[in-house]
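Down below is the structure, laid out as structure tokens.
Coordinate-derived values only; no laboratory data. If you're wondering where the values come from, they're calculated on a predicted model, not measured in any experiment. Please note: Cβ atoms are built from the backbone with ideal geometry, for glycine as well, and neighbour counts cover all protein chains shown.
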Amino acid sequence: MSRLRFVGLDVHKDTIVIAVADEGGSEATALATIPHDVPKLIKRLSGLVADKSELRVCYEAGPTGFGMSRRLKKAGIECQVIAPSLVPQQAGVRVKTDRRDARRLAQFLRSGDLVEVWVPDEKTEALRDLERCRDDAKNAERVSRHQLDKFLLRNERVYCEGRSWTKKHLAWLKQQKFDEPCKQCVMDDYRKTVEDATERVKRLSNDIALLIRGTALEPLIRAFMAFRGIQTLSAVVIAAEIGDLRRFPTARQFMSFIGLVPSEHSSGKSIKRGSLTRTGNAHVRRILVEAAQHYRHSPAVSAALRERQEGISQEVIDISWKAQRRLCKRLNYLIDQNKARNKVIIALARELAGFLWAVGQVPNLLAS
């Protein structure tokens, strides 16, 4: 009878360490260290068994990405990408090497103690890279604005005529002149950096709106946009980061995946719940918390929301309306109970995740 062979890979930029554990065998053994070359890896793995179906391979998710997993699967080798934070740890072990890490992965793969992460297809991953690039650009814009603000504050130039970064504020910035040439140079450089960062954000936002057309995720993105507080960019982040929501059997599992459930340390009759777990996908968690802010208003369908709901199936629209009524009522109730507002928003974000999960289970997202 053929036996399965479990292979753990410790993957780095330059090298791959291979360890093997046989089904029903003893401890895993470190087999070899090879250059980071996928064709060579496939050849080496194929030599371990007579039939590739007898191989089970895994490596930890990391900066090397998912390309290796896809190429191994195309070669007929079953490969899992593992969540590094959920790999069991042995207390008291103070020695860590690449060979030990590979052996540990092989052993835990054999025992079934590893948690596999979702591997997106190439197009979904490309869209995710684009929305994360836009997020990086937004952070860079925020930093450049902060630097300009603090420079002006140090020089007693404070804008007091309304909100910052409006057209009026930008016109005021252009009027700021300094007698000292060095300071004027700093002012010009900071202002140019802010303008370039803002232009970069606008360019990437337009690219996202253009490139989602005709993709497999477009129906799901449009369905998410039927909700109050979720427009194009927010919907793209949720869809690209999560993919198919049907991979979560229940809404509670989806809430747990994005870290919107409380931590707990209970034993016996003692029940202690703490702050949010903050595990899983931080991008989606942030988007849902921002979207939850919009449900402080009374339920209504604005002209902009009605426009976003055009072409969406009635089942999705009904879920969206149910979410508005439920979340607004929930917010008012919790506020009346003197709950802290930040905790109320988190509670709303958690329930909003449940409504989005329900949309992900709808077979026909667009109106026929």
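Within the shell of other residues whose beta carbon sits under 12 angstrom from the beta carbon of L31, the net charge comes to +2, with Lys and Arg scored +1 and Asp and Glu -1.
Basic side chains Lys and Arg get +1 at the Cβ, acidic Asp and Glu get -1 at the Cβ, and with that the dipole of the range 1-147 about its Cα centre reaches some 220 debye. When the square roots of the Cα gyration tensor eigenvalues are ordered a ≥ b ≥ c, the ratio a/c for the range 218-360 is 1.5 or more and a/b does not exceed b/c, which makes its shape oblate. Taking a Cβ cut-off of under 9 Å around A323, the surrounding Lys, Arg, Asp and Glu residues balance to a net charge of +3, with basic ones at +1 and acidic ones at -1. Spin-label model, R213/K167: points 7 Å from Cα along the beta carbon direction are separated by 2.7 nm. The length gained on full extension between K96 and S270, counted as 0.36 nm times the residue separation minus their Cα-Cα distance, comes to 59.0 nm.
For the range 122-211, the Cβ-based charge dipole about the Cα centre amounts to some 340 debye (Lys, Arg positive; Asp, Glu negative; other atoms uncharged).
Residues within the reach of a label modelled at R154 (point 7 angstrom out along Cα to beta-carbon, backbone nitrogen below 11 Å), restricted to the range 160-194, are 183, 186-187. The loop-placed trypsin sites (Lys or Arg not before Pro) in the range 72-118, going by DSSP, that have at most 14 neighbouring Cβ atoms within 10 Å of their Cβ come out as R94, K96. Modelled label positions at N342 and K183, each set 7 Å beyond Cα in the direction of Cβ, lie 3.7 nm from each other. Taken about its Cα centre, the range 218-360 carries a charge dipole of roughly 720 debye when the Cβ of each Lys and Arg holds +1 and the Cβ of each Asp and Glu holds -1.
Considering only GluC sites (Glu not before Pro) in DSSP loops that have at most 15 other Cβ atoms within 10 Å, the longest stretch of the chain without any of them is 162-309.
Relative to the current alpha-carbon distance between S111 and N139, full extension at 0.36 nm per residue lengthens the span by 5.9 nm. Report the residue, chosen from A106, A353, A75, that carries the largest GNM mean-square fluctuation when the chain is represented by alpha-carbon nodes joined by springs under 10 Å. Greatest mean-square fluctuation among the candidates belongs to A75.
Out of all Cα-Cα pairs in the chain, roughly what percent, to the nearest whole number, are more than 31 Å apart? Cα-Cα pairs in the chain separated by more than 31 Å: 54 percent.
Other residues with beta-carbon under 12 Å from the beta-carbon of N139 carry, at +1 per Lys or Arg and -1 per Asp or Glu, a net charge of +4.
Distance between the modelled labels on T250 and K73, one decimal in nanometres: 2.7 nm (7 Å Cα→Cβ projection). Given springs between every Cα pair under 10 Å in a Gaussian network model of the chain, which of P262, P181, P39 has the largest fluctuation? Most flexible of the set in this elastic network: P181. Take the Cα of D129, go 7 Å toward its beta carbon, and the backbone nitrogen atoms of the range 221-258 under 19 Å from that spot belong to 236-243.
Both radii are taken from the alpha-carbon atoms of the range 5-111; with Rh as the Kirkwood radius, Rg/Rh is 0.93. Using a Gaussian network model on the chain with a 10 Å cutoff between Cα atoms, which of A347, A304, A61 fluctuates the most? Greatest mean-square fluctuation among the candidates belongs to A304. Each of R163, R278 was scored by other Cβ atoms within 10 Å of its Cβ. Listed from fewest to most, they are R163, R278. Kindly list the residues of the range 80-123 that lie in the label zone of S263, defined by a backbone N under 19 Å from the point 7 Å along the Cα-to-C-beta vector. Residues passing the 19 Å test: 84-91. For the chain, the relative contact order comes to 13 percent (Cα pairs under 8 Å, sequence separation of at least 6). Projecting the Cα atoms of G24, P39, V7 onto the charge dipole of the range 3-42 (Cβ charges, centred on the Cα centre) puts P39 farthest toward the positive pole.
Per-residue extension of 0.36 nm, minus the Cα-Cα distance of L4 and S85, leaves a gain of 26.6 nm for this segment.
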